[in-house]
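The values are calculated or read from the model by the stated rules, or taken from the named source; none is laboratory data. Since the model is a prediction, treat every value here as computed from it, not as a measurement. Cβ placement follows ideal geometry from the backbone for every residue including glycine, while neighbour counts extend to all protein chains displayed.
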Amino acid sequence: MAGKVRDEILHDHNHDGIDRRGFLKCMAWAGTGAFCVIQGGVLKSYSLSRLPAPGSKETMGELSFVQISDSHMGFNKPANADVAGTLKAAVDKINGLSAAPEFMLHTGDISHLSKPEEFDAVEQILKSAKPKDVFYVPGEHDVLNDDGKQFLERFGKSSKGGGWYSFEKKGVHFVGLVNVMNLKAGGLGTLGQEQLEWLEDDVKHLKTSTPIVVFAHIPLWSVYPEWGWGTEDSAQALAYLKKFGSVTVLNGHIHQTMQKVEGNVTFHTAASTAFPQPAPGKADSPGPMKVPAEQLKSVLGITDVNYVQGQHALGVVDSTLA
Amino acid sequence: MGRSVSIGGLAVLALGMGVFGPGQKSFEVRAQQKTETMEVKIDNFTFGPGTLTVPVGTTVTWTNKDDIPHTVVSADDSKTFKSKVLDTDEKFSFTFSKAGTYPYFCSIHPKMTGKVVVQ
């Protein structure tokens, strides 16, 4: 495979290592068991089961972190009767990375039913990960019954309003957004006016050369609106980020890896650590996908993000739990 | 095969007749209740039937048959009815005492919508 992907960059207009054809190839491979390499540039997404060799150039950078998503602690149906076990496998995978990531992002659906014991179990399992800091944003499963009160008490102490916040790490500006609250009948994910205004203000004074990483649960791009896989007012949020040279958007929710590049924005969804969901439109509904037990770990995963100063975007590496 | 089936059928009939005396009354009551209770099944991320038309006073019961939790929340601002989260096989009931059209949705998966028309 490595030999095949080498020829993907044919028209690198942005000099960022990605051309349209290469990108489309990435899309075709995503989630099907192969991987995609962008050579000489930036985005490195090994969609399944293959990490770069320990100590290789791909693993080096000023900053690396891991994204995990959709742990759904408490889920116990046939698609995965042991979500604690697969989360532990994710932690093992993280602890096995050659360069220890500095922190973790959890892009929501930590719990399945917002139960205290489900949140407890995830926190307990993540304690055994080498990176000690975990930055959370809620998924819709984390804010059931109480409008997110419990989530905010646990994970949102330093956040604003409904749980959004930003922080800096080694010159990279991270923004955690919440798009699972106050959802309207027939609609998609929603950020809301208050959060949009905060975002505009939050990034207003940053230099345009500052790399931006935005993370939220529901995709901030229209993956498949028919299944609610998108965010109503994401265009407004992205408009505030237009001036920046490098924007990476990390989401969960759809339980499969997918990427899209639009100008200077790279969108990326992470796999679930719990159970896979069907590709957009490939089933009657987005319910859990049952795969043979021996294949389960190959469709679950973690995302390892590596920032190399001076490059335009972040290297994003997905790896499965297999 | 045919013979054993008919024998089985007879046996059930005989058994049914045996308990009919005291059981008959409760059977009638159940039939009466049926006109006032309607079911909506949540299956495959869909409310079925999507539009339910019922007389005033009907209790509607929603049952979640999915592997994924759902909610039943009325779409009006005052949230006339709002279930807790329903895990697999859990139910929620609401009695409609006023005529009108009641659109509702799943607040976790807002693309899932339904309607109860009360006449």
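Can you confirm whether A:I254 is within 14 Å of chain B (Cβ to nearest Cβ), under 24 Å from A:F65 (Cβ atoms) and surrounded by 17 or more Cβ atoms within 10 Å (Cβ to Cβ)? Considered against the rule, which asks whether it is within 14 Å of chain B (Cβ to nearest Cβ), under 24 Å from A:F65 (Cβ atoms) and surrounded by 17 or more Cβ atoms within 10 Å (Cβ to Cβ), A:I254 comes out as yes. Kindly establish whether B:V56 is surrounded by fewer than 17 Cβ atoms within 10 Å (Cβ to Cβ), more than 30 Å from A:K115 (Cβ to Cβ) and away from chain A (no Cβ under 14 Å). Taking the combined requirement at face value, the residue satisfies it. The residue that is nearest to A:G230 (Cα to Cα), among those in segment B:109-119 that are more than 9 Å from chain A (Cβ to nearest Cβ) and crowded, with 21+ Cβ neighbours inside 10 Å, is B:G114. Checked against the criteria, B:F47 does not count as away from chain A (no Cβ under 14 Å), surrounded by 16 or more Cβ atoms within 10 Å (Cβ to Cβ) and over 19 Å from A:V180 (Cβ atoms). Could you please let me know if A:Q311 is of a type outside the set (D, E), under 19 Å from the mean Cα position of the chain (by Cα) and modelled with pLDDT under 85? In short, no. For segment B:99-108, the set of residues classified as at pLDDT 95 or above and either crowded, with 19+ Cβ neighbours inside 10 Å or more than 7 Å from chain A (Cβ to nearest Cβ) (or both) consists of B:A99, B:G100, B:T101, B:Y102, B:Y104, B:F105, B:C106, listed by residue number. Selection of segment A:78-115 for residues being assigned to a helix (DSSP H, G or I) and either among the polar types (S, T, N, Q) or more than 14 Å from every other protein chain (Cβ to nearest Cβ) (or both) yields A:A84, A:G85, A:T86, A:L87, A:K88, A:A89, A:A90, A:V91, A:D92, A:K93, A:I94, A:N95. Set side by side, the residues A:E197, A:E226 differ, and just one is within 14 Å of another protein chain (Cβ to nearest Cβ) and in a helix (DSSP H, G or I), which is A:E226.
Can you find, within segment A:90-109, the residue that is nearest to A:L220 (Cα to Cα) among those that are under 18 Å from the mean Cα position of the chain (by Cα) and of a type in the set (A, V, I, L, M)? The extreme case among them is A:L105. Across segment B:69-98, the number of residues qualifying as facing chain A (nearest Cβ under 9 Å) and exposed (fewer than 14 other Cβ atoms within 10 Å of the Cβ) comes to 1.
Does A:V175 satisfy the criteria of being free of Cβ contacts under 8 Å to residues at least 60 places away in the same chain, among the β-branched types (V, I, T), farther than 30 Å from B:Y102 by Cβ and in a strand (DSSP E or B)? Here the answer is yes, as A:V175 does meet what is asked.
Of the residues making up segment A:120-130, none is touching a residue at least 12 places away in the same chain (Cβ under 8 Å), within 14 Å of A:G301 (Cα to Cα), touching a Pro at 6+ places or on another chain (Cβ under 8 Å) and assigned to a loop (DSSP other than H, G, I, E, B).
With the condition kept exactly as written, say whether any residue in segment A:260-272 is touching a residue at least 24 places away in the same chain (Cβ under 8 Å) and within 14 Å of chain B (Cβ to nearest Cβ). Looking for residues that are touching a residue at least 24 places away in the same chain (Cβ under 8 Å) and within 14 Å of chain B (Cβ to nearest Cβ), one finds at least one in segment A:260-272, hence yes.
For segment A:169-191, a residue qualifies if it is within 14 Å of another protein chain (Cβ to nearest Cβ) and either among the basic types (K, R) or out of contact with any His (no Cβ under 7 Å at 6 or more places or on another chain) (or both), and the qualifying residues are A:M181, A:N182, A:L183, A:K184, A:A185, A:G186, A:G187, A:L188, A:G189, A:T190.
Of the residues examined, B:D66 is one that is within 8 Å of chain A (Cβ to nearest Cβ), in contact (Cβ under 8 Å) with a residue 24 or more places away in the chain and in a loop (DSSP other than H, G, I, E, B).
Taking the stated definitions as given, is A:H217 buried (at least 20 other Cβ atoms within 10 Å of the Cβ), assigned to a strand (DSSP E or B) and under 17 Å from the mean Cα position of the chain (by Cα)? The answer is no for A:H217.
Taken residue by residue, segment B:20-39 has no member that is within 14 Å of chain A (Cβ to nearest Cβ) and modelled with pLDDT of 95 or more.
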